[in-house]
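To keep things clear, I will list the structure first and then write my remarks on it.
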Amino acid sequence: MDTISVRSARRNEWAAILAIHHRAIHEIASADYPAEVLAVWGPLVTQPDLSQFDAKIERGQVVIVAEVNGVLVGFGELVPDNNELLALYVNPDYLRQGVGTAILNELERIARRRRLPFLQMDSSLTAAPFYQANGFEAVRSDFHVLESGERMVCVKMRKKMTG
């Protein structure tokens, strides 16, 4: 595997980020969720709204990307004000090659630098084993409400960032 580099996302990468999001959901999480949840959770976006990216940054969210040989292969999002790991998705072609771990390590580094006491998240059923392997504790099963109002089963997870 070539070197994975992780850095802040750029506005002009929003379309590529959304494409990774779509593929990861439909190709990786499809075994754990029904088609109607997948359709709402990971819609195919052909004309990305750059104001969505701008709004994330304006709200203080952190959006990072992982690259291999100049190709975006994953991304992650952190909402420091909520101690929340909001997203971590990897292009299915790069699964189990260290991309997710590189993104998670950088998000945790940022959280520690900002002195966040913990990170919490709503993990998909698909990703929960990855997070548990990286020190997150499953708090309880619950439902994550998508923007459409559709509910998807999730695992509430948490990890201490200090001590």
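Listed values, structure above:
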{"quantity": "Derived scalar couplings ³J(HN,Hα) [the range 91-106; Karplus, 6.51 cos²θ - 1.76 cosθ + 1.60; whole Hz; x for Gly, Pro]", "calculated": "3, x, 5, 10, 5, 6, 10, x, 5, x, 5, 5, 5, 4, 4, 5"}
{"quantity": "Shape category assigned to the chain from the gyration tensor of Cα positions, a/c cut at 1.5", "calculated": "rounded"}
{"quantity": "Highest to lowest packing among 6-12, 37-43, scored as the average C-beta count within 10 Å", "calculated": "37-43, 6-12"}
{"quantity": "Anchor residue 160: aspartates and glutamates whose Cα lies under 13 Å away (excluding residues fewer than 8 positions away in-chain)", "calculated": "84, 108, 137"}
{"quantity": "Gyration tensor verdict on the range 81-131 (Cα atoms; rounded if a/c is under 1.5, prolate if a/b is larger than b/c, oblate otherwise)", "calculated": "oblate"}
{"quantity": "Residues listed by number, the range 96-117, amide nitrogen under 12 Å from residue 160 label point at 7 Å toward C-beta", "calculated": "117"}
{"quantity": "Euclidean distance between Cα centres, the range 21-56 to the range 134-157, Å", "calculated": "16"}
{"quantity": "Helical contribution to [θ] at 222 nm, DSSP H n ≥ 4, -39,500 (n - 2.57), averaged over the chain, rounded to 500", "calculated": "-9500 deg cm²/dmol"}
{"quantity": "Per-residue ³J(HN,Hα) for the range 37-47, Karplus 6.51 cos²θ - 1.76 cosθ + 1.60, θ = phi - 60°, Hz, x for Gly and Pro", "calculated": "6, 4, 4, 7, 5, x, x, 7, 10, 8, 10"}
{"quantity": "Karplus-derived 3J(HN,Hα), 6.51/-1.76/1.60, for each residue of the range 107-117, Hz, glycine and proline x", "calculated": "4, 5, 4, 4, 4, 5, 4, 8, 6, 6, x"}
{"quantity": "Percent accessible area from carbon and sulfur atoms, the range 2-156, protein chains only, probe 1.4 Å", "calculated": "48"}
{"quantity": "Cα pair count fraction exceeding 19 Å, expressed as % - the range 3-75", "calculated": "42"}
{"quantity": "Percentage relative contact order, the range 1-118, counting C-alpha pairs under 8 Å, at least six apart", "calculated": "29"}
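The values are calculated or read from the model by the stated rules, or taken from the named source; none is laboratory data. Small disclaimer: the values here were computed from a predicted structure and weren't measured. With ideal geometry, Cβ positions are generated from the backbone for all residues, glycine too; neighbour counts draw on all protein chains shown. When the accessible area is computed, the model is the full protein with side chains, heavy atoms only, and any ligands, DNA or RNA have been set aside. Shrake-Rupley method; radii C 1.70, N 1.55, O 1.52, S 1.80 Å.
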